[in-house]
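Here the structure comes first, spelled out in structure tokens, and everything after it is commentary.
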Amino acid sequence: MDTDLEGQAVIEDLRRRLAEVEQASYSMRLLLEMLSYLQAAEDLETTLRIILTCVTSGYTLGFNRAFLFLLDDAKLSGVMAVGPSDPFEAGQIWHELETNTRALEDLIASCRMGGSQGDRQLSELVRTISLDTQASSSILARCVNEREPFVIEDVSCLAREDPARRLNAKAFVCVPMVSASKPIGLILADNSITCRNPTPEQVNLLKMLAWQAGQIVERARYEEDIKRRLQEFSTLNEISKGILSTTDLETEISLIARISAQALNARGGVVRLIQEGKLVAKAIFSRTIGEIGIDKDGEQPIAKSIPASSCPIVTGSIGGKQAEVRYAWGRCFMCTPLSKGDGIIGTLTVFDEIFSDSLGENGFTREDARFLSVLAGQAAIAIENAKLFERLKQKEEHIRELHRHLLRSERLAALGEVSSQVAHEIRNPLTAIGGFARSMRRKINDDHPDAKALDVIVSETSRLERILNEQLCFAKLSPPNPKLDDVNRIMKETIDLLSDAIASKKARLEIDLSDSLPQIYVDADKMKQVFINLIQNAIDIIDNEGRISITTKRVDRTIEIRFANDGPPIPKEVVDKLFVPFATTKAGGSGLGLAIAYEIVFEHGGTIDVRSEEGLGTIFLITLPLIVEGDRRRGPVDRRSQIRDRRRGRMP
Amino acid sequence: MARILVVDDDSSLRMLYERELGDEGHDVTTAASGEDALKILENNQPDVVVLDIKMDGMDGLTVLDEIMKRDSTIPVILNTAYSTFKADFATWNADAYVVKSSDLSELKRTIDEILQAQ
């Protein structure tokens, strides 16, 4: 009997041990199966979801809910959760599970599609928990610090302010995740729906799973880190390429907006630059809309498509050096200043949905913020480079313009040399003609029949001599001699002078000279030459009975003198070279008239432009600066004075 | 009344100067080249020389140097079509510089001034 009893006891003991071994071997098999899925997970998010699914699957550990926390330095943050949000959803899920008898494999396959509605709500809940493990006395901090599992059978024994109580569990178990003997986070699981305490088997298996999962999570985080760094590297590389390829500012800025958004996996990116003390959006990239054009006002289309445009945090964060993560209008923003040296030239912003399923603080992690700051550093350099390049282009254009002018001047200088030769040939006969006419005129009375004719010869040769003087000397030694004078008076005299030529073409002359034209410093003889050349040019261009209109008016700090005619338009290629000496010779022309006009106007510090179009005719517009007494020194350009001074310097 | 030597390779101008300066009461001799002028100067002593600069053969400035070598007291007026040279006048040994013009009053005035100064 005793033996029987003993035998019975032994058998019982063996059975129990056998059951234990079976349980252990079952647990081991289960664990191995779970680990095989975990090993195959492609990223951190899937890894974490598989862990939590294993914890909650009825087939494996069978907890109702599971929460996962990760440790970053000393900061422990809730990251993800799996489970129904309430008993109603629980019933639904479990009914579905029973009818479908889904295996772990199916559940894990569904992990890759993201969690359920309840999962999302629980994840939101767990992400509100974040604590400093060095400072907190929470059960969560202890679990991590002591690397020990804790089974809490009644949460009321925890401190009232313990963050773990926010998860609304009546009883729970939390186990640390450890890798290389260092804690990396914890898993918290409960049965709050079924209101059962965790069984020892559940706790045991959870401990083993957490132990193994620790290493896998750590590895996944490490891989994630490498992946991110690679991504950062290629992004920076792309931006650097942009810096090196001297592209224009606009392209550079939209490139930065696009790359930033793509690199940070955000919904969109915005580059704003400071203009006249205001932040103006310069480029917006949105994944859903693509690149959004910015109109001149800058903010208009942004306001419509992205409410972020006038987001106050953008201006608010400008003082800081680091990227900030903020929330507004249902979106999550990260904004960082673009700084150049000690100044800020603008901001770089990326935005995303708040309710993102990705890891971290509502879409953006602190790592993201750090990377955005790095990105902003590169972007600022790229923008500055592009700005410099634009300025360079403007300078080049300016130099080209100067070069064009120089070319003109050189031609004129050369013209001066040639003209000296011509002068000799012309002046001598002119002197003889005029000289004899004067001589003869002196010997006859005013009432002599030839007196008038001789007067005409005398005055005409005088005029020719004067023009000769001006034209031949002007390239070398004839600086303008500006005196305070009335442009209208000069114009009237010129028109009188040319009245015969105007009459010969039966030209309709329309003259509109402003009454309120102030006097300016002008070399009257030279300016008359300009007017003669331009009116003569118009007379030559127009058809018989054509129209010539001459107007003067004051525009701000300038005087505008406009010569318009309704003749046929001047071909574009001729217009381009109109003011170059000898470059455009109309039949019978010297090819000098307009070149000389240009030079004289230039010497007066003014400009001369021409526009010629079909139906419009041709308009020459002279703009002369209004120079008052105090500005005299900065008045008409006397570029010959230097030559004169040099020559004087040679004198003995 | 003064003896004036006009040196110019342009015959029309020689005619003009002869007539105009003659009308002023001067005794005008003309030379068509620098060489002729120097030949005339060997036997004559004019009160004033009116000298063109740009001439075929010997140019006016060489003639000027020659005259100065022989007798630096003879007054010389440079008379030229080149207004360009006016600025260089101070470096030459001439007494005056007049740009050719159909209006001869400047030349006549200059001659009178030089004669009065003597």
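Quick check: net charge around A:Ile152, other residues with Cβ under 13 Å of its Cβ, Lys/Arg +1 and Asp/Glu -1? Within the 13 Å Cβ shell, the charges total -2. If you take the alpha carbon atoms of segment A:25-226 and fit the smallest convex hull around them, that volume is 112 Å³ per residue.
Legend: calculated FRET efficiency, A:Glu493 to B:Ala117, from the Cβ-Cβ distance at R0 = 45 Å, rounded to 0.05, equals 0.65.
Using a cut-off of 10 Å between beta-carbons, work out the net charge of the residues near A:Ile345 (Lys and Arg +1, Asp and Glu -1, A:Ile345 not included).
Working: positive: A:Arg272, A:Lys340, A:Lys387; negative: A:Glu384.
Surrounding charge for A:Ile345 is +2.
Projected label points at A:Gln117 and A:Lys506, each 7 Å from Cα along the beta carbon direction, are separated by 9.3 nanometres.
Beyond 32 Å between alpha-carbons counts as too far, so tell me which of A:Lys393/A:Lys526; A:Lys282/A:Lys577; A:Lys506/B:Lys100; A:Lys241/A:Lys572; A:Lys505/A:Lys526 fall in that bin. Flagged as over cut-off: A:Lys393/A:Lys526; A:Lys282/A:Lys577; A:Lys506/B:Lys100; A:Lys241/A:Lys572.
For A:Ala171 and A:Gln134, FRET efficiency with R0 = 25 Å and r from the beta-carbon atoms, rounded to 0.05?
Values: r = 27 Å, r/R0 = 1.10.
Computed FRET efficiency for A:Gln134 and A:Ala171 comes out at 0.35.
Each value in this text was obtained by applying a stated rule to the coordinates, not by laboratory testing. Being a predicted model, the structure only gives us computed values, none of them experimental. With ideal geometry, Cβ positions are generated from the backbone for all residues, glycine too; neighbour counts draw on all protein chains shown.
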